[in-house]
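See structure below.
The values are calculated or read from the model by the stated rules, or taken from the named source; none is laboratory data. Since the model is a prediction, treat every value here as computed from it, not as a measurement. Positions of Cβ are backbone-derived with ideal geometry, glycine not excepted, and every protein chain shown enters the neighbour counts. The area values use the complete protein model at the heavy-atom level, side chains included, leaving out ligands, DNA and RNA. Shrake-Rupley method; radii C 1.70, N 1.55, O 1.52, S 1.80 Å.
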Amino acid sequence: MLVTSLCCCLVVLGLATPGARAAFGDNMDHGRDDLFEKMGKATVDVFDIVDGQVQLDVALEDTIGQDEVWILDFQPFQHNNKSNRPVIQENGGSLVAENTGTCSNVFTTLPFDSSTGFYKDSYTPNYPGTKSLFSYYETGSEIIQQGDMRIREDHITFMGSMDTLFNCKDSDDETVWEKEVTADAIQFNATLYMTNVRPQGSGTNPEPAYVQSFAILYWRLLRVALSRFLVSSTERLQPIFEFAIVEAVYLNDDEEYGFDRSRAEVQIAFRTVTDNTNGELISVYKINTLVYDPADSVISEISHVKRTPSSGCDKPLGVEDSNIIGDGLITASSYWLEGNSLEYSPDKGRLNAKAVETISAGMWMAGSTVDQWIQVEIPSDNLWVSGVMTQGFGNEDINMWVREFYVGYQVGVGTFNPVLNSAGATHIFTGNYDSHTIVTNYLDAPVSTDAIRIYPTDFENNMALRFELLVCEGHPECFTDANGTDYRGTVHQTVSGTTCQRWSSQEPHMHSFSWENDRDNGIGDHNFCRNPDGQTQPWCYTLDPLSPMEFCDVGAAAVSCAPITAPEADPELYVTYYAPYCNFTEWEQSCTQSWLFVVVLEVDTTAAVNRMPIDATGEFTFEFETYTCPNNDRSACSKVDVPNAIISHEITLQTTVEIVDDVKDSPRIYLKKVHGEDPTVDIRDGYRPGVSHLETVTVDTHFFPEFLRTNLQLELTLFMVCIGREFRDTPDGCLGAPVEQSYTAYVSPEFLYRLSTDNSLLTPDSIATSPQSLESHDYIHSEEIHRSLFVNKALSAMSREYTITNVFRLVERTDRTKRDIQRRDVKDKINDPIAVHQAIYFKGCPPNSTHVAKVYACVCDNKGEMYSETNFKCERSTKGIVYEEGVPSDDAENPQDGGDSKEEGRKGKGVVLTAVLSTTSLSVGLAVLLAVAL
């Protein structure tokens with residue numbers, strides 16, 4: 001299972017006091033330096049998400065009898081020169097709506113009125129007017145006495161879609177959101193300015209003065225990806241997980257247009273080992289067999305597949321370039337006429353086309369919405385077409401694109417057959433979801449044809465299309481660049497006859513090239529000559545320790561690389577040419593290949609509730625064919641008549657929308673990963689198979705907000721394990737469990753914790769001794785995580801869920817110069833406790849064994865059998881853990897005595913990470929209760 005995209009929308013409200021953040025108007029020449037002596041405040045009273053709807057409620061304290069007006073806007077009051085402020089002095093004074101952003105509370109422009117105007121207590125805004133956010137204003141019904149001030153609390157509210165909030169712009173039509181990208185998160189923030197404006201002096205033309213406070217709103221997409229389940233349908237092909245990464249998706253594939261919160265990009269990488277004694281078998285991904293099966297079909301589905309391993313048939317035909325595909329080769333059933341203009345004609349529908357005034361609209365748009373098509377003629381004979389790339393309208397601000405289409409290929413003069421799917425039906429391809437993002441679709445098998453037609457079947461507003469075709473390349477030994485930068489052949493010896501070193505190896509020569517960073521330059525798990533850095537010809541590192549790099553003889557560059565023509569043009573040949581090359585060093589005589597898939601998923605956030613994860617659990621499946629290639633010669637491959645191998649990868653996408661105000665904006669600790677001996681399987685939440693007795697468990701933890709990591713790191717002060725999932729759901733975790741059902745693997749001299757039940761303070765002396773010790777615990781600065789390793793010991797004979805309680809504190813980083821924390825609103829709260837609840841599953845003692853409670857062990861019943869620390873079962877061996885009458889023998893690890901069971905212990909709940917703190921300097925006790933099922 002893959003844990004993934006923890007999307008965190010967080011709102012932090014940092015309200016400055018007038019003294020700390022005051023900004024006044026021009027010099028006050030009326031002798032009234034006490035203008036703001038008596039003033040109420042503006043606060044964010046509610047900020048929440050329920051069923052996908054955002055609720056923002058701002059409380060505004062109106063000082064009765066005082067002329068004033070509250071301005072809410074996502075730009076400072078002094079945004080520009082004086083004449084562009086929300087309240088101006090000119091023409092007797094005015095409240096000017098156009099001088100504020102699209103989401104302000106200045107709904108309409110109003111003139112100054114000394115008796116009934118916007119400064120008066122009786123003024124009620126005429127919402128929503130020309131603005132798009134705040135939709136309700138409530139005047140308070142009660143007058144409250146605060147010292148010598150009389151206050152009325154009014155409320156202004158927004159209740160609506162998250163999209164409305166993210167579409168807010170300032171008065172210059174620029175987005176109010178700023179973006180910051182880190183390794184763990186993509187963060188957007190906007191500042192809501194709350195400004196109290198009062199008239200200076202008397203008369204009909206007063207000068208406005210103001211005091212300004214602010215609230216900062218954060219939206220965070222936390223990117224965490226963990227694999228839990230990767231299996232194959234056959235022993236012939238075994239998968240090995242490498243990584244899974246969640247990336248942000250941007251509207252129109254451009255950061256300028258903002259973050260698309262309804263989509264998430266998932267990158268999945270794994271290796272496959274094709275088992276064969278002579279090393280001749282390879283695996284080939286079968287195009288269009290990637291399927292995502294969500295557990296809840298309402299939650300998510302595939303938007304489109306962004307990247308699959310190359311089949312070799314992915315070279316652009318040249319529709320984008322009119323010098324390759326001329327205007328006369330592109331025709332259509334019709335096109336939109338704008339007077340006598342040809343701005344929407346078929347030849348304007350080239351991929352990445354741009355609008356040119358009076359000449360081109362930057363795309364083809366059909367003149368009708370029924371039975372329409374656009375066609376391109378293929379200029380070369382016997383060229384295999386394998387895919388289609390599409391975009392929508394050439395103007396990203398206009399919502400027109402093709403949602404679905406099918407493809408026809410010419411089989412005779414004027415006769416077109418539809419491309420079919422694997423079931424033999426017309427293949428309906430998923431098109432675009434915005435105007436600019438390129439979506440690529442592959443045919444199940446390439447077709448040889450003289451012309452291709454695209455038939456739109458569903459569209460947004462109108463049939464607007466830009467496109468390109470993908471075709472088969474020539475033989476891989478062919479290249480056109482004089483320096484061979486595009487050489488993708490299989491020469492693997494240098495001009496001296498020395499064999500090349502594999503690019504994936506660092507022996508005998510270390511280098512910086514990798515498949516992850518240089519795959520577009522032909523680098524991969526092979527030892528073929530390449531030119532990734534612009535040398536004069538292809539080269540390689542050699543296996544000779546004394547000769548790091550030598551050039552290769554790959555022949556001369558060709559004028560062009562024409563595709564292989566019939567009868568050689570069998571599409572099946574291309575998949576073997578371009579499937580990832582085999583690494584035979586990792587598993588002897590078996591082909592190890594690396595695969596990368598990039599999928600964009602739609603995630604339904606309409607049911608989002610504050611701090612509750614939206615679970616989009618589902619299963620990816622990939623289908624692989626098997627080929628035999630004697631001597632690993634890709635030109636001699638043939639398909640093996642065996643059932644296709646199915647690789648299944650179960651994934652969980654969790655998008656958590658979190659909104660907090662000033663009080664809740666505190667350090668938060670999250671469990672990042674929990675795994676046993678198999679690091680590819682995340683075992684939190686009781687995920688099977690769980691862990692065995694004496695199996696090492698790794699717990700990775702990190703904390704937010706990320707800016708705190710500049711100065712602070714996590715320090716572990718307690719690690720406890722207890723029986724029962726129920727402890728996961730209480731604030732104190734295992735600190736509340738009976739002593740006979742728990743053990744302490746580690747307690748620090750710095751441990752301090754205050755129980756939530758009776759507020760009593762726990763110290764190291766409060767914790768019972770234990771026959772268990774933590775293997776290791778440390779903060780890893782390069783990864784910005786805390787990692788704990790412990791060897792699990794059996795608290796029960798039966799399979800049970802366990803809870804782990806970790807208590808952390810935040811301390812100054814040990815690897816950096818001390819710097820002060822600038823965000824005072826968070827710094828003041830780093831002492832607040834935090835809980836993270838998870839669970840892991842314990843398999844129980846194996847058959848033919850007995851649980852010895854005193855030493856938390858599974859003891860083998862049969863004489864001569866020992867418990868294996870590698871296989872986790874009882875077996876006859878010379879190595880293992882031997883117990884006699886419940887006491888460890890000399891050849892086994894000797895645990896400490898468990899102590900008197902009556903000794904006072906502490907109870908706890910669940911896999912909970914809970915934070916406690918010490919008040920010295922920045923040393924903060926942060927307890928994280930980590931409920932984990934062992």
With a 1.4 Å probe and all protein chains kept in place, how much accessible area does Lys41 have, in Å² rounded to the nearest 10? 120
Let me cross-check Phe416: its accessible surface, 1.4 Å probe, with only protein heavy atoms counted, in Å² to the nearest 10? 40
So for segment 476-560, using the alpha carbon gyration tensor with a ≥ b ≥ c as root eigenvalues (a/c under 1.5 gives rounded; past that, a/b versus b/c decides prolate or oblate), I'd call it oblate
Based on the Kirkwood radius over alpha-carbon pairs, what is the Stokes-Einstein translational diffusion coefficient of segment 315-473 at 25 °C with 0.890 mPa s viscosity, in µm²/s? 159
Tell me, what is the 1.4 Å probe accessible area of Arg754, in Å² to the nearest 10? 120
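Can you give me the relative contact order of segment 476-560 as a percent, contacts being Cα pairs under 8 Å and 6 or more apart?
37
Could you order Leu546, Leu110, Leu317 by accessible surface area, starting with the largest, using a probe radius of 1.4 Å?
Result, largest first: Leu546, Leu110, Leu317.
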Using +1 at the C-beta of Lys and Arg and -1 at the C-beta of Asp and Glu, which of Pro446, Thr369, Val319 has the Cα lying farthest in the positive direction of the dipole of segment 315-473? Pro446
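Counting pairs of alpha carbon atoms under 8 Å apart in space and at least six apart in sequence, what relative contact order in percent does segment 42-221 give?
26
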